[in-house]
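One structure below.
The values are calculated or read from the model by the stated rules, or taken from the named source; none is laboratory data. Note that the coordinates shown come from a computational prediction; the quantities given were computed from them, not determined experimentally. Here the Cβ is made from the backbone with ideal geometry for all residues, glycine too, and neighbour counts use every protein chain on show.
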Amino acid sequence: MTNEEILSKLKDRFPQVEFQVQAEETKDFTIVVPAASIADVATHLRDHLGFDYLSDVTSVDHPDRFEVVYHLYSMKRGGGVLALKVRLADKEHPEVDSVTPIWPGANFQEREVYDLMGISFKNHPDLRRIMMWDGFPGHPLRKDFENRLYTFKELEPTRPKPPNW
Amino acid sequence: MLKTETITVNVGPQHPSTHGVFRMIITLDGETLVDLKPMFGYLHRGLEKISEGRTYLQAVPLTDRLDYLCSMNNNHAYAIAVEKLADIQVPPRAEYIRVIVAELNRLINHMLGIGFMFNELGAWYTPVVYAFRERERIMDLFEMLCGSRMMYNYVRPGGVSADLPDEFLPMLKKMLPHLQNYVAETRLYLSQNEIFRARAVGIGFLPADIAVANSITGPVLRASGVKYDVRKAEPYSIYDQFDFEVPTQMAGDIYARYLQRLDEMDESLKILRQAVERIPDGEVATKVPARLRPPKGEAYARIEAPKGELGFYLVSDGSTNPYRWRCRPTSLINLSALREMCLGHKVADAVVILGSVDLTLAEVDR
């Protein structure tokens with residue numbers, strides 16, 4: 001199935017959703033999906049277009065927006081990547097639907113995005129910090145995070161909370 | 001009436017059987033596992049953040065520190081991602097050298113993966129010592145290449161850092177039958193072991209559909225019967241020029257994962273035998289500026305690392321530093337199905353199941 005076929009099938013199925021193809025500044029075929037419809041589009045891609053394998057969920061902090069990027073493959077067909085992208089203009093409280101109910105493999109990666117980039121995921125079964133401890137101030141992968149290695153400015157000392165189990 | 005209740009046990013982070021600093025919070029009913037929560041982050045070094053403050057080439061040594069048992073594969077994955085981003089061509093000799101070192105490193109990883117799994121089973125360091133004996137020979141070869149035995153920094157964007165020394169290929173050719181013997185020896189001595197079979201057959205079963213849904217890759221996926229290997233599904237480097245099979249197992253238990261690793265070692269040796277015969281002469285690196293400035297853009301590239309799919313997602317803003325540097329960690333995502341594999345088994349089995357997934361905590365936490 002070529003990239004154009006995938007896009008036209010998506011457009012047929014979701015006529016009201018505006019899909020954009022990111023034509024430049026990317027080496028992979030990238031479809032930008034509105035944040036509200038990512039869960040529906042992902043379900044359709046998994047069930048009807050054969051993208052059964054979610055390789056990677058990650059996020060990018062751009063000056064004007066956050067991007068959540070999903071890299072999908074098909075294990076049945078093999079072949080190349082389909083990148084889905086969600087742009088979140090709200091820099092204060094970025095939020096997007098979780099795809100963990102669709103691909104359980106997104107669980108730890110979405111927790112990582114939540115922890116390090118501060119994007120929360122609706123309907124995620126277990127949204128907790130994964131790398132940093134509870135009570136850590138800020139989200140390290142954001143561009144405005146004070147990087148002590150380069151600024152030599154001491155952060156407020158923080159301590160892990162007592163165990164919650 | 002007997003009063004029964006479940007008990008919560010904290011395993012780790014300092015625990016000899018957890019391959020590093022990994023913590024599991026398990027809930028037990030008697031000795032049977034009814035819940036398992038993995039906890040990460042004890043080795044989090046912020047490699048992604050550190051790399052954003054470095055140039056593209058300065059980040060290569062950091063990839064060594066991801067999964068330190070297969071540094072060559074990590075270098076390779078990162079080099080492919082940078083080359084895809086900046087449109088760099090690699091000379092054919094460099095591609096052959098990359099395949100040779102990648103497959104040698106796969107052998108190291110599978111030897112130790114099997115060896116450490118037997119540690120968990122109670123064969124305390126005997127199989128590991130045999131694996132280390134062979135690993136030392138391969139590491140001697142790597143030392144010839146780059147002077148380092150573990151943190152190679154050898155495969156770089158554009159090629160490799162130095163050409164093979166004259167002694168390398170004769171030594172490798174002499175070693176290949178020896179390594180083949182090692183695989184046969186392992187098969188002979190361990191596969192039919194009564195205790196191993198009792199502990200491994202039928203334990204830690206992972207069905208294929210759960211494996212695919214949880215994005216499991218590598219030997220664990222193929223041991224569940226899914227024939228998926230990035231080297232075949234989306235060939236990178238020059239893997240489409242070699243004649244090799246993708247072995248699979250149907251059982252999906254610990255024993256199948258063990259057999260899977262042995263079969264993959266056979267296939268790696270097959271690739272190595274072809275590569276040492278066909279390796280061409282020529283350049284080993286394209287000239288890449290030290291302060292590389294890829295054009296504005298983004299790229300995702302992946303390889304079949306020994307533990308599974310290893311990917312790098314790079315975003316460039318046109319400057320010398322990556323805007324976003326993301327590693328898709330194989331070991332972390334392979335743990336997604338750990339709970340499903342462990343439920344209903346005994347505590348001692350949970351430790352072996354963790355060993356059979358074969359993980360490196362440095363890559364889980366990054």
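Restricted to helices (runs of 4 or more DSSP H) entirely inside the range B:12-99, those with at least 1 residues that are within 12 Å of chain A (Cβ to nearest Cβ) and either of a type in the set (Val, Ile, Thr) or crowded, with 17+ Cβ neighbours inside 10 Å (or both) are B:47-52, B:71-86. Note on the range B:139-156: among residues that are of a type in the set (A, V, I, L, M, F, W, C) and part of a loop (DSSP other than H, G, I, E, B), the one that is surrounded by the most Cβ atoms within 10 Å (Cβ to Cβ) is B:Met151. How many of the residues in the range A:23-37 are acidic (Asp, Glu), within 17 Å of A:Gly80 (Cα to Cα) and either surrounded by fewer than 15 Cβ atoms within 10 Å (Cβ to Cβ) or touching a His at 6+ places or on another chain (Cβ under 6 Å) (or both)? Matching residues across the range A:23-37 total 0. Looking only at the range B:124-166, count every residue that is more than 28 Å from B:Phe312 (Cα to Cα) and either touching a Lys or Arg at 6+ places or on another chain (Cβ under 6 Å) or touching a residue at least 60 places away in the same chain (Cβ under 8 Å) (or both) and tell me the total. Qualifying residue count, the range B:124-166: 1.
Conditions tested, residue by residue: (1) assigned to a helix (DSSP H, G or I); (2) touching a residue at least 40 places away in the same chain (Cβ under 8 Å); (3) of a type in the set (D, E, K, R).
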{"position": "B:Ile203", "(1), (2), (3)": "no, yes, no"}
{"position": "B:Tyr236", "(1), (2), (3)": "no, yes, no"}
{"position": "B:Asp240", "(1), (2), (3)": "yes, no, yes"}
{"position": "B:Pro247", "(1), (2), (3)": "no, no, no"}
{"position": "B:Tyr255", "(1), (2), (3)": "yes, yes, no"}
{"position": "B:Ile271", "(1), (2), (3)": "yes, yes, no"}
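Within the range B:285-311, the set of residues being part of a loop (DSSP other than H, G, I, E, B) and either in contact with a Pro (Cβ under 6 Å, 6 or more places away or on another chain) or of a type outside the set (Ser, Thr, Tyr) (or both) comprises B:Lys287, B:Val288, B:Pro289, B:Ala290, B:Arg291, B:Leu292, B:Arg293, B:Pro294, B:Pro295, B:Lys296, B:Pro306, B:Lys307. The set of residues from the range A:1-22 being out of contact with any strand residue (DSSP E or B) (no Cβ under 8 Å at 6 or more places or on another chain), surrounded by 14 or more Cβ atoms within 10 Å (Cβ to Cβ) and not charged (D, E, K, R) comprises just one member, A:Phe14. Of the candidates B:Glu298, B:Glu283, B:Glu304, the single residue that is under 25 Å from B:Arg93 (Cβ atoms) and buried (at least 24 other Cβ atoms within 10 Å of the Cβ) is B:Glu304.
Looking for something farther than 30 Å from B:Thr286 by Cβ, of a type outside the set (Gly, Ala, Ser) and part of a loop (DSSP other than H, G, I, E, B) - is there at least one such residue anywhere in the range B:179-197? Yes, because at least one residue in the range B:179-197 is farther than 30 Å from B:Thr286 by Cβ, of a type outside the set (Gly, Ala, Ser) and part of a loop (DSSP other than H, G, I, E, B). Of the residues making up the range A:75-113, those that are under 26 Å from B:Asp209 (Cα atoms) and acidic (Asp, Glu) number 3. If the condition is being at the interface with chain A (Cβ under 7 Å from one of its Cβ atoms) and touching a Pro at 6+ places or on another chain (Cβ under 9 Å), then the range B:312-333 contributes only B:Val315.
Yes/no per residue for (1) polar (S, T, N, Q); (2) at pLDDT 85 or above:
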site: B:Leu2; (1), (2): no, no
site: B:Val9; (1), (2): no, yes
site: B:Gly12; (1), (2): no, no
site: B:Thr18; (1), (2): yes, no
site: B:Lys37; (1), (2): no, yes
site: B:Leu43; (1), (2): no, yes
site: B:Arg54; (1), (2): no, yes
site: B:Asp64; (1), (2): no, yes
site: B:Asn75; (1), (2): yes, yes
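The set of residues from the range A:61-71 being more than 9 Å from the chain's Cα centre (by Cα) and either closer than 19 Å to A:Arg13 by Cβ or outside any strand (DSSP E or B) (or both) comprises A:His62, A:Pro63, A:Asp64, A:Arg65.
From B:Arg324, B:Arg328, B:Arg302, grab the single residue that is closer than 28 Å to A:Pro101 by Cβ and without any contact (Cβ under 8 Å) to a residue 40 or more places away in the chain.
Working: B:Arg324 fails: without any contact (Cβ under 8 Å) to a residue 40 or more places away in the chain; B:Arg302 fails: without any contact (Cβ under 8 Å) to a residue 40 or more places away in the chain.
Being closer than 28 Å to A:Pro101 by Cβ and without any contact (Cβ under 8 Å) to a residue 40 or more places away in the chain holds for just one of B:Arg324, B:Arg328, B:Arg302, which is B:Arg328.
Residue-by-condition table, conditions (1) more than 9 Å from chain B (Cβ to nearest Cβ); (2) more than 11 Å from the chain's Cα centre (by Cα); (3) crowded, with 23+ Cβ neighbours inside 10 Å; (4) under 14 Å from B:Arg328 (Cβ atoms):
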| residue | (1), (2), (3), (4) |
| --- | --- |
| A:Ala39 | yes, yes, no, no |
| A:His44 | yes, yes, no, no |
| A:Asp56 | no, no, yes, yes |
| A:Tyr73 | no, yes, yes, yes |
| A:Ala89 | yes, yes, no, no |
| A:Glu95 | yes, no, no, no |
| A:Gly105 | no, yes, yes, yes |
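Of B:Glu267, B:Glu340, all but one fail to be more than 10 Å from every other protein chain (Cβ to nearest Cβ), in contact (Cβ under 8 Å) with a residue 12 or more places away in the chain, surrounded by fewer than 21 Cβ atoms within 10 Å (Cβ to Cβ) and over 25 Å from B:Leu85 (Cα atoms); the exception is B:Glu267. When each of A:Thr58, A:Thr26 is tested for being assigned to a loop (DSSP other than H, G, I, E, B), touching a strand residue (DSSP E or B) at 6+ places or on another chain (Cβ under 7 Å) and of a type in the set (S, T, N, Q), the lone residue that passes is A:Thr26. Selection of the range A:83-122 for residues being farther than 14 Å from A:Thr58 by Cα and hydrophobic (A, V, I, L, M, F, W, C) yields A:Ala89, A:Ile102, A:Trp103.
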